[in-house]
Amino acid sequence: MLYLVVVLLAYLIGSFPSGVVVVRIVRGFDVRRIGSRRSGATNVMRAAGPWSAMVVFVLDVAKGAIPVWLGRYGTVWVAARWPEIAGLSISWPLPADLVAPLWVGLLAGLAAIVGHNWPIYIRFRGGRGVATGLGTLIPLSWYVAVGCFLVGLAVALLSRYVSLGSIVGASLVPVGMALQALFASLDLLIILYGLAIAGMVVFQHRDNIARLRAGTERKLGEAVESPRPGPS
């Protein structure tokens, strides 16, 4: 039962629409009315500038890191007290080996990314899961997370396509984890998790991929249209 609570909480944390909230505070309109119509840091930068985008990026990373940390480490502390709190075993209704702390952490990470991409608070129209996915990697393999982020950032700055940097950075996650497994130690489940979130991020960029191939993708710093009419 405890793992169900953690996964639900992770989805709700991931659903917090940081980009929408920040742009409403700073500019007074819905960030999804311009640019990519998404709520991620890149579109926030178009709408409200780099400082607002940085705030949103940090919040989105935290939305991924906190649920995984809670699932992987926080449940260890709570588990000993859970039967007294809920009157149920931590493993109910699944076998105990499927609700080990690592399993709960990975499920929480996926739930947070799903929440960011399809947030319940704003009619399931969110971002692409790049920053939140990055955040989920920090408690699992922070050096892979940092390495892929730096490579993706370099690609974005050199090409001026943030989407390309995001796709490249995400695609390198399972590669980095496989290399870590060769030279150090890393649970196979974490490698499979890295492959899953990389696939999710690339899938969320399918429209960007089509525009990159057509040569119509918007570059970093390129002006966007004014917000479409709608509620502020």
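Is it true that some residue in the range 119-133 is modelled with pLDDT under 95, out of contact with any Leu (no Cβ under 8 Å at 6 or more places or on another chain), open to solvent by 40 Å² or more (accessible area, probe 1.4 Å) and closer than 30 Å to F183 by Cβ?
Yes, the conditions are met somewhere in the range 119-133.
Do we have L4 as more than 12 Å from A112 (Cα to Cα), out of contact with any helix residue (DSSP H, G or I) (no Cβ under 9 Å at 6 or more places or on another chain) and either among the charged types (D, E, K, R) or assigned to a helix (DSSP H, G or I) (or both) here?
yes
Restricted to the range 44-54, and to residues that are surrounded by fewer than 19 Cβ atoms within 10 Å (Cβ to Cβ) and either assigned to a helix (DSSP H, G or I) or not small (G, A, S) (or both), which residue is modelled with the lowest pLDDT?
Ranking the qualifying residues of the range 44-54, first place goes to P50.
Counting only residues that are within 14 Å of R218 (Cβ to Cβ) and not in a loop (DSSP other than H, G, I, E, B), how many does the range 8-43 have?
Counting residues in the range 8-43 that are within 14 Å of R218 (Cβ to Cβ) and not in a loop (DSSP other than H, G, I, E, B) gives 2.
Need the failing condition index for F149 against (1) at pLDDT 95 or above; (2) buried (at least 24 other Cβ atoms within 10 Å of the Cβ), just the number.
Going through the list (1) at pLDDT 95 or above; (2) buried (at least 24 other Cβ atoms within 10 Å of the Cβ), F149 breaks only (2).
I'd like the full set of residues that are touching a residue at least 12 places away in the same chain (Cβ under 8 Å) and either over 30 Å from L107 (Cβ atoms) or open to solvent by 20 Å² or more (accessible area, probe 1.4 Å) (or both), limited to the range 25-36.
Correct list: V26, R27, G28, F29, D30, R32, R33, I34, G35, S36.
Working carefully through the options L182, L195, L164, L158, find the one that is within 17 Å of G64 (Cβ to Cβ), part of a helix (DSSP H, G or I) and open to solvent by 50 Å² or more (accessible area, probe 1.4 Å). It would help to see each step written out before you state the result.
Numbers: L182 fails: within 17 Å of G64 (Cβ to Cβ); L164 fails: within 17 Å of G64 (Cβ to Cβ); L158 fails: within 17 Å of G64 (Cβ to Cβ).
Going through L182, L195, L164, L158 in turn, just one is within 17 Å of G64 (Cβ to Cβ), part of a helix (DSSP H, G or I) and open to solvent by 50 Å² or more (accessible area, probe 1.4 Å): L195.
Let me spell it out: the conditions are (1) at pLDDT below 95; (2) not in a loop (DSSP other than H, G, I, E, B), and L220 meets all of them except one. Which number is the exception?
(2)
Mind listing just one residue for me: the one in the range 168-197 that is farther than 17 Å from W142 by Cβ and small (G, A, S) and, of those, nearest to the chain's Cα centre (by Cα)?
Within the range 168-197, the match that is nearest to the chain's Cα centre (by Cα) is A196.
Which pairs do you get when a residue that is touching a residue at least 60 places away in the same chain (Cβ under 8 Å) and within 20 Å of A53 (Cα to Cα), found in the range 114-137, comes within reach of a residue that is of a type in the set (D, E) and surrounded by 17 or more Cβ atoms within 10 Å (Cβ to Cβ), reach meaning Cβ atoms under 7 angstrom, with the pair 6+ apart or on two chains?
Note: pairs meeting the criteria are H116/D60; A131/D60; T132/D60; G135/D60.
The values are calculated or read from the model by the stated rules, or taken from the named source; none is laboratory data. A quick note: this is a predicted structure, and the numbers were derived from the prediction, not measured. Glycine also receives a Cβ, built like all others from the backbone with ideal geometry; neighbour counts cover every protein chain displayed. Heads up: the accessible areas ignore ligands, DNA and RNA and are worked out on the full protein's heavy atoms, side chains in. Shrake-Rupley method; radii C 1.70, N 1.55, O 1.52, S 1.80 Å.
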